[in-house]
Amino acid sequence: MDIEAKVKQIVMDKLGVEEAQIVPAANFIEDLRADSLDTVELVMAFEDEFGLTIPDEDQDRLRTVGQAIDYLKEKLG
Amino acid sequence: MTKRRVVITGIGAITPVGHNVAQTWQSLINGVSGVGRITHFDVSGLPVQIAAEIKNYNPEEHFDHKEVKKLDIYTQYAMIAAREAVKDAGLEAGTFNPERTGVISGVGIGGILTFEEETIKCHTAGPRRISPFFIPKMIANIAGGLLSIRYGFRGPNYTTVTACASASHAIIEAFNKIRLGKVDFMITGGSEAGVNEAAWPALIP
């Protein structure tokens, strides 16, 4: 499974949203109704799935679905 | 000082003998026992293998996917029973003064299954893997707190933790709040979900 598909799967599972809502521009908090704790859990799920550590200072770079995918591609690339 | 009369206007229940008040009552008057072999986890090797579990419980029937993950089972039970009671009482928005409506919930422990799961994670995967929802999911007053959030109550909200007497203490506290004229409506009662792998053996002598 590629990064995008895995990210979609995690976002669906953690935020309980429909697949159609998970577009690159979707902001986790504003569009997908995540709260601050949800975003922490999302980052943890990305770390688990992709086997990397996302430092706290990088978390601001993962505000949307597209940003998360780009970030992960960059780190895993 | 005149004391107000207190009446119960709505009830709700999810119990080992029914998933609502009607089912529970029918079971009780028919002498149906709620005790059976434990299904929530593997009991082989335990000297006591029976308990009064809530049977055939499927959280997805009551909550959306995100709620199921965020709510400990004890909170789910409280919310299901409260939903039935609130409906029974006809307590709809606009029919009550939020500042004079509150919740006093009772629970002996709280989210012990969540406690168990997160503790295992802490010791196997490390502290960074603990869910940020660990504490807000397991603390004893989260069920009552979430009820006020859900229904928009802004009156008194706290939880009594006195083992098996927790719910009784909650009810008498709520009763007194109304009787003394401090509030108009209270949601009160108790819930627990303690039949799990770590808690159950601890209850067996």
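Over the protein assembly as shown, accessible surface divided per residue gives 55 Å², non-protein components excluded, 1.4 Å probe. What a 1.4 Å probe finds exposed on the protein assembly as shown is 56% carbon and sulfur by accessible area, rounded to a whole percent.
With respect to chain B, whose longest principal axis is taken over its alpha-carbon atoms, helix B:73-89 is tilted by about 30°. The relative contact order of chain A comes to 36 percent, based on Cα pairs under 8 Å that sit 6 or more residues apart. Plainly put, chain B has a radius of gyration that is 0.99 times its Kirkwood radius, both from alpha-carbon atoms, as the Rg/Rh ratio.
Where only DSSP H runs of four or more residues are counted, chain B gives -11500 deg cm²/dmol as its mean residue ellipticity at 222 nm, each run worth -39500 (n - 2.57). Counting Cβ atoms of other protein chains within 10 Å of each Cβ in B:110-122 and taking the mean gives 0.
Bridges between two residues of chain B, per DSSP, are antiparallel at a rate of about 25%. Annotation: amide H-H contacts under 5 Å for B:Thr15 (H modelled 1.01 Å from N, sequence separation of 5 or more, or interchain): B:Asn20. Region B:133-161 and region A:1-76 have Cα centres spaced 29 Å apart.
A simple packing score, the average count of other Cβ atoms within 10 Å per residue, orders the peptides B:83-89, B:97-103 as B:97-103, B:83-89, with the highest score first.
With a 10 Å cut-off around each Cβ of B:132-138, the average count of Cβ atoms from other chains is 2. Around the amide H of A:Ala34, modelled in the peptide plane, lie the amide H atoms of A:Ile29, all under 5 Å away and 5 or more residues distant in sequence or on another chain. Over chain A, DSSP H runs of length four or greater, each weighted -39,500 (n - 2.57), average out per residue to a 222 nm ellipticity of -16500 deg cm²/dmol. For region B:93-201, report the translational diffusion coefficient in µm²/s to the nearest whole number, using Stokes-Einstein at 25 °C, 0.890 mPa s, and a Kirkwood Rh over Cα pairs. D = 163 µm²/s. Inter-chain Cβ neighbour count for B:144-153, averaged per residue, equals 0 (cutoff 10 Å, partner chain atoms only). Relative to the longest principal axis of the Cα atoms of chain B, the long axis of helix B:166-179 lies at roughly 10 degrees. Over all Cα atoms in the protein assembly as shown, the spread is summed up by Rg and Dmax: 21.9, 75 Å.
The values are calculated or read from the model by the stated rules, or taken from the named source; none is laboratory data. Values in this document were obtained by computation on a predicted structure and should not be read as measured data. Cβ coordinates were reconstructed from backbone atoms using ideal geometry, including for glycine residues, and neighbour counts include every protein chain displayed. Just so you know, the surface numbers come from the protein's heavy atoms only, side chains and all, with ligands and any DNA or RNA stripped out. Shrake-Rupley method; radii C 1.70, N 1.55, O 1.52, S 1.80 Å.
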